[in-house]
Structures are given as C-alpha cells and as structure tokens.
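The values are calculated or read from the model by the stated rules, or taken from the named source; none is laboratory data. As the structure is a prediction and not an experimental result, all values here were calculated from the model. Cβ coordinates were reconstructed from backbone atoms using ideal geometry, including for glycine residues, and neighbour counts include every protein chain displayed. Only protein heavy atoms, including side chains, enter the accessible area calculation; ligands, DNA and RNA are left aside. Shrake-Rupley method; radii C 1.70, N 1.55, O 1.52, S 1.80 Å.
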Amino acid sequence: MSEGPKKARSKYSATRRLLLKSKLLKKAESLLVKEKEEKELERENTLRERAPPLNLSGLSVQEMQELCRDLHHKIDIVDEARYDLNIKVARNDAEILSLTQKIYELKGKTKRPNLKRVKKSADAMLGSLSDTRVDFKANLKTVKKEEEKKEEVTDWRKNVEAMSGMEGRKKLFNAGQ
C-alpha cells in the first residue's frame with residue numbers, strides 16, 4: 001500500500017526562518033533608504049544643471065527684462081513639452097482601453113459594469129411584490145374641452161371684388177338696415 005503525500009519538511013527551523021526573514025527585511029529597508037537618497041541627490045544635480053541659480057545683484061533694468069524674457073521662453077518650452085506628453089499619455093490610455101475591450105469581445109466575455117445599489121422604500125418594495133396593477137387613468141381628472149368659436153375665414157380677394165363698385169355699396173347699405 002502506498003502512503004499519502006508526505007508533508008515536506010523544511011530545512012530550516014522556525015527560529016532560523018524568522019531570523020532570516022528579519023535580516024531580509026532590514027536589508028530591504030536599508031536598500032530603500034539608500035535608493036531614496038540617491039534619487040534625491042540625482043534630482044538636486046539635475047536641477048542644478050538645468051536651472052542654475054540666478055544672480056540678480058548688479059543687473060540693470062534692461063538686463064533683468066532680458067533675463068525675464070529668457071525665463072518665460074524656457075517656461076513656455078517646458079509647458080509645451082508637458083502638454084504634449086499629457087496628450088500622448090491620454091491617447092495611449094484610450095488606445096489601451098479600446099484594445100482591452102476588443103480582447104474581451106474576441107474572447108466572448110463581456111465585462112459587466114458594477115451596478116449601484118438602489119434603496120427602495122418599504123411601500124415601493126411591497127408595491128413591486130404585489131401583482132395588482134394600479135389604474136392610473138382612474139385617478140386623473142377629466143377636463144372638458146371647449147370648442148373655440150372659429151370665425152369663418154374667406155379669401156379677401158373675393159370679398160374685395162364683390163364689394164367693389166355700386167353693387168358693393170348697395171350690399172353694404174342693405175346690410176346696415
């Protein structure tokens with residue numbers, strides 16, 4: 001008869017594993033601190049290289065204006081580059097989204113959106129559970145429509161021709177009596 005799978009025994013004892021784990025964590029912490037200091041030093045060097053400190057003492061008004069124009073020009077260049085990168089990142093994000101949707105469509109799996117929980121009152125829940133339908137038309141008020149008196153509209157050209165001349169005056173005279 002064969003025995004069941006045996007549990008593999010560790011080469012190290014629990015205390016030894018704990019000691020190794022704590023040493024690894026200390027080493028990782030020291031590496032993170034060292035990496036952070038290196039990044040800070042690199043940042044300072046880059047800033048010193050790209051943006052040298054300004055020496056404003058002893059400059060005339062004309063020289064300060066020229067310096068301001070130069071700084072504004074540099075700021076504009078950096079802003080344009082930042083804007084271009086933001087647009088490129090947004091375009092890439094949109095492309096990634098569309099490609100992931102295509103992948104889901106090709107696999108045949110559609111990702112269902114997360115539905116929001118809707119709170120219902122007790123009356124609404126009871127109303128939805130009951131099978132009786134409410135007749136909404138019975139609760140509506142009835143409104144009688146009064147027919148508007150419409151004046152008979154005739155073509156004015158025919159009326160003008162009929163009333164012109166002596167015959168028209170005779171009709172007006174007879175109508176007034």
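Take Arg112 and decide whether it is open to solvent by 100 Å² or more (accessible area, probe 1.4 Å) and modelled with pLDDT under 80. Steps first, please.
On the way: open to solvent by 100 Å² or more (accessible area, probe 1.4 Å): yes; modelled with pLDDT under 80: yes.
Considered against the rule, which asks whether it is open to solvent by 100 Å² or more (accessible area, probe 1.4 Å) and modelled with pLDDT under 80, Arg112 comes out as yes.
Screening the candidates Glu80, Glu105, Glu49 for the property of being out of contact with any helix residue (DSSP H, G or I) (no Cβ under 8 Å at 6 or more places or on another chain), at pLDDT 90 or above and in a helix (DSSP H, G or I) yields one hit, Glu80.
Taking the stated definitions as given, is Ser22 out of contact with any Lys or Arg (no Cβ under 9 Å at 6 or more places or on another chain), exposed (fewer than 10 other Cβ atoms within 10 Å of the Cβ) and either in a loop (DSSP other than H, G, I, E, B) or without any contact (Cβ under 8 Å) to a residue 60 or more places away in the chain (or both)?
Details: out of contact with any Lys or Arg (no Cβ under 9 Å at 6 or more places or on another chain): yes; exposed (fewer than 10 other Cβ atoms within 10 Å of the Cβ): no; either in a loop (DSSP other than H, G, I, E, B) or without any contact (Cβ under 8 Å) to a residue 60 or more places away in the chain (or both): yes.
No.
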